Number of protein chains: 2
Amino acid sequence: MSQRPMKIAVDAMGGDDAPAIVIDGARQAAERHTDPQFLFFGDRDAIAPLLARSPALAGRGEIIHTDSVIAADAKPGWAVRRGRRSSMGRAIQAVKEGRADAIVSAGNTGALMAMAKFSLGTLPGITRPAIAAILPSRRDAIVCLDLGANIDCAAGNLVDFAVMGALFAQTVLGRTTPSVGLLDVSRTVMEDREEVHKAAATLRRIDRNFVFHGMVDGQDIMSGTVDVVVSDGFTGNVALKMAEGALRVYAGWLRETLSSSWRGKFGYAVARGALRTMRVRIDPRRYNGAMLLGLNGTVVKSHGGIDAFGFAMALDVAIEMHEGNVNRRIIDALDPIHRNVTSRREPEGVT
Amino acid sequence: MSQRPMKIAVDAMGGDDAPAIVIDGARQAAERHTDPQFLFFGDRDAIAPLLARSPALAGRGEIIHTDSVIAADAKPGWAVRRGRRSSMGRAIQAVKEGRADAIVSAGNTGALMAMAKFSLGTLPGITRPAIAAILPSRRDAIVCLDLGANIDCAAGNLVDFAVMGALFAQTVLGRTTPSVGLLDVSRTVMEDREEVHKAAATLRRIDRNFVFHGMVDGQDIMSGTVDVVVSDGFTGNVALKMAEGALRVYAGWLRETLSSSWRGKFGYAVARGALRTMRVRIDPRRYNGAMLLGLNGTVVKSHGGIDAFGFAMALDVAIEMHEGNVNRRIIDALDPIHRNVTSRREPEGVT
């Protein structure tokens, strides 16, 4: 890549506690990575004092003032038509114009995907980008995609996701030869989902630098059976939210149970240190930073309700994806596959 | 209904530890319910001694000898063509011929669904039966369907599931006016799943004896936002298995954490009683007994790896469904809805 230091376009106004957690997150990332420069898009009056208080960002952060912010409930289509001058829109534009190498935002996911797709376009041969994120599992962290960008997927889209997800796992999780599974029902009662089985047939046939494990079911996700779980965005989103919900409910029950008797309270007091290591293990901040894979640019989405520690993790993902040259490797890996005919859903219009 | 006591056809050979857990489960159910009679289909030599050791079943259990069993990995189509004389096949036949009021099996789900559908048929106007089960949630137990019988569903199928699920929740969970939600992605990025939104439009319009809550996402399931969660069988199966997996992984982490230090071990020893109440709360045996809703007969599926306590819970579900006259109420509730035109997937052939 280029010789100049990496530049990250940061939507300083996206997320619940922006811009404070954004600037502080950048400070944390800057302390870990000596190289990157940050372009902060947003309200200069709000950002400047925060930046002044962050010595680690001295000489490494530039503010580009913007007047407007994409609302959390704005429709993707509205964002594409009207949001170009927003902090998110201008940060994406900086990537398009080559002034930045990546964009990170904790703002509206739908708007980010739609504007980035409209402005940056997709990688050659890819009709549907996907949202990929890292989740904890019993064995180790895993990658899941798509988590909500595509409600229906043809076999060819799932094949693209498998290839992109494997490269993501190599780069961000350091798996040399990641294993990839296609999400399927645990025991099909009446019929198979045809596109999933077509995708499996293709994945068995092609040359690849990952292991294709075959089908996995919902239980396999958190068991860590494979490094990368591939599904359509409807199923993936429901599974992700179900897991988040299940863990929250379980933790709540545990708290209630332990606080309902003196023995429970005393046991908790004694074991508190041990229980803290468990909380760290499933801390959602550690898994922050979803990658919008398949776009012609590095686009990372941070959770909107995250703190500075979590936002810094999202910046880490952007840095690793850029340094790992992942988009180039996706193009190279998919090119021979796309030469064979596999069905793909057409790119959909922004609605 | 009829004046004679209820008769339950029991597939005595289905499940990992059949027939022992089946007969002992029937004994436990017989101790709770004074009325029902049991027809045990299976190997007489294996069943008779077990029955002789169960005084509660004296005069209430009859053995119908069968020579064959549907294997756990048998294909549904094979079961329909070749399985009629199996313990499962003959138990279903007893319902068809009016010699029993319900069938309960811990055997192969796909075979049970296919044979029951072929032999009993569906309720008027229903093209797709669904698998419904009870799950724990933060607030209270809830009903989820479909959990794997239908990979794709048209809007009309989802409407049927909502109506059937609400009647199931009324009968088995005692909710007078259950709330029903349609499972959707948490924040749609690019597009909506059309059939889900069409189903919502119908559910808002029709007369119903439940509250239609609208859309719910994956997190809402275990939060207990609604009493009944409706989805296609692909998404429902993945969500169910994901939740089971997440809870198992969380419990495993908790065990590891507490056994990794003396403080953890000591804390666990002190709090053990409290933690036991939590285990009871999420004990999967308490939620055993999935109902195959929409069939022209009461068909209940027990988990295959269950013990006698769990199998008795499945028998309870069958008894409550029969006593609650649920199939008649489903017909009455759906009749006016089916008079309006709503799209439904055609019944699918057995493959």
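For region B:69-99, give me the residue count where each residue is over 19 Å from the mean Cα position of the chain (by Cα) and more than 14 Å from every other protein chain (Cβ to nearest Cβ).
15
Which of the residues belonging to region A:98-110 are under 16 Å from A:F40 (Cα atoms) and not polar (S, T, N, Q)?
Taking region A:98-110 first, the residues under 16 Å from A:F40 (Cα atoms) are A:98-107.
Across region A:98-110, the qualifying residues are A:G98, A:R99, A:A100, A:D101, A:A102, A:I103, A:V104, A:A106, A:G107.
Across region B:56-79, which residue is surrounded by the fewest Cβ atoms within 10 Å (Cβ to Cβ) among those that are part of a loop (DSSP other than H, G, I, E, B) and not aliphatic (A, V, I, L, M)?
So the first thing to find is which residues in region B:56-79 are part of a loop (DSSP other than H, G, I, E, B), and the list is B:58-60, B:66-67, B:69-75.
Pick out the ones that are also not aliphatic (A, V, I, L, M) and you get B:59-60, B:66-67, B:73, B:75.
Details: B:G59: 7, B:R60: 19, B:T66: 21, B:D67: 10, B:D73: 9, B:K75: 17.
Across region B:56-79, the extreme among qualifying residues is B:G59.
For A:R276, only one of the following conditions fails: (1) more than 24 Å from A:A9 (Cβ to Cβ); (2) surrounded by fewer than 19 Cβ atoms within 10 Å (Cβ to Cβ); (3) in contact with a Phe, Trp or Tyr (Cβ under 7 Å, 6 or more places away or on another chain). What is its number?
Every listed condition holds for A:R276 apart from (3).
What are the residue pairs meeting all of these: first residue in region B:133-154, first residue under 10 Å from B:N237 (Cβ atoms) and open to solvent by 10 Å² or more (accessible area, probe 1.4 Å), second residue part of a strand (DSSP E or B) and of a type in the set (F, W, Y), Cβ atoms under 9 Å, and 6 or more apart or on different chains?
none
Mind checking whether some residue in region A:184-195 is at pLDDT 95 or above and of a type outside the set (V, I, T)? Talk me through it step by step, then tell me what you get.
Of the residues in region A:184-195, the ones at pLDDT 95 or above are none.
No: zero hits.
Against the conditions (1) more than 7 Å from chain B (Cβ to nearest Cβ); (2) under 22 Å from B:M242 (Cα atoms), where does A:E323 fall short? Just the number, please.
(2)
Just for region B:111-125: of the residues that are within 14 Å of B:S86 (Cβ to Cβ) and either away from every other protein chain (no Cβ under 14 Å) or without any contact (Cβ under 8 Å) to a residue 60 or more places away in the chain (or both), which one is farthest from the chain's Cα centre (by Cα)?
Applying the first criterion (within 14 Å of B:S86 (Cβ to Cβ)) to region B:111-125 yields B:111-112, B:114-116, B:118-119.
Keeping just the survivors that are either away from every other protein chain (no Cβ under 14 Å) or without any contact (Cβ under 8 Å) to a residue 60 or more places away in the chain (or both) gives B:111, B:115, B:119.
Details: B:A111: 15, B:M115: 16, B:S119: 19 Å.
Among them, the one singled out is B:S119.
Could you give every pair whose Cβ atoms fall below 8 Å, whose first residue belongs to region A:195-219 and is under 23 Å from A:P136 (Cβ atoms), and whose second residue is open to solvent by 70 Å² or more (accessible area, probe 1.4 Å) and among the hydroxyl-bearing types (S, T, Y), counting only separations of at least 6 or pairs across chains?
So the pair list comes out as A:F210/A:T177; A:V211/A:T177.
If you scan region A:295-320, which residues turn out to be over 18 Å from A:G98 (Cα atoms), over 8 Å from the mean Cα position of the chain (by Cα) and not in a helix (DSSP H, G or I)?
Listed by number, the residues that qualify are A:H303, A:G304, A:G305, A:I306, A:D307.
Would you check which residues across region B:259-290 are outside any helix (DSSP H, G or I) and within 14 Å of chain A (Cβ to nearest Cβ) and list them?
Of everything in region B:259-290, those that are outside any helix (DSSP H, G or I) and within 14 Å of chain A (Cβ to nearest Cβ) turn out to be B:S260, B:S261, B:I282, B:D283, B:A290.
Could you run through region A:155-206 and say how many residues are in a helix (DSSP H, G or I) and under 19 Å from the mean Cα position of the chain (by Cα)?
Let us first name the residues in region A:155-206 that are in a helix (DSSP H, G or I), namely A:155-173, A:194-205.
Okay, now just the ones that are also under 19 Å from the mean Cα position of the chain (by Cα), so A:157-173.
Within region A:155-206, residues that are in a helix (DSSP H, G or I) and under 19 Å from the mean Cα position of the chain (by Cα) number 17.
Test A:D316 against the criterion of being open to solvent by 50 Å² or more (accessible area, probe 1.4 Å), at pLDDT 90 or above and more than 14 Å from chain B (Cβ to nearest Cβ), and give yes or no. Break it down into steps so the answer makes sense when it comes.
On the way: open to solvent by 50 Å² or more (accessible area, probe 1.4 Å): no; at pLDDT 90 or above: yes; more than 14 Å from chain B (Cβ to nearest Cβ): yes.
Considered against the rule, which asks whether it is open to solvent by 50 Å² or more (accessible area, probe 1.4 Å), at pLDDT 90 or above and more than 14 Å from chain B (Cβ to nearest Cβ), A:D316 comes out as no.
In region A:223-242, what residues are of a type in the set (A, V, I, L, M), open to solvent by less than 10 Å² (accessible area, probe 1.4 Å) and at the interface with chain B (Cβ under 7 Å from one of its Cβ atoms)? It would help to see each step written out before you state the result.
So the first thing to find is which residues in region A:223-242 are of a type in the set (A, V, I, L, M), and the list is A:226, A:228-230, A:238-240, A:242.
Now narrow it down to the ones that are open to solvent by less than 10 Å² (accessible area, probe 1.4 Å): A:226, A:228-230, A:238-239, A:242.
Result: A:V238, A:A239, A:M242.
For B:L147, state whether it is touching a Lys or Arg at 6+ places or on another chain (Cβ under 6 Å) and more than 30 Å from A:A74 (Cβ to Cβ).
On the way: touching a Lys or Arg at 6+ places or on another chain (Cβ under 6 Å): no; more than 30 Å from A:A74 (Cβ to Cβ): yes.
So B:L147 fails the test.
Within region A:32-55, restricting attention to residues that are loosely packed, with under 15 Cβ neighbours inside 10 Å and touching a helix residue (DSSP H, G or I) at 6+ places or on another chain (Cβ under 9 Å), which residue is nearest to A:M313 (Cα to Cα)?
A:R32
The values are calculated or read from the model by the stated rules, or taken from the named source; none is laboratory data. No experiment lies behind these values; they were computed from the predicted model shown. For neighbour counting, all protein chains shown are included, and Cβ atoms are generated from backbone atoms with ideal geometry for every residue, glycine included. The protein model used for the area step is the full one, side chains on, heavy atoms only, and it has no ligands, DNA or RNA in it. Shrake-Rupley method; radii C 1.70, N 1.55, O 1.52, S 1.80 Å.
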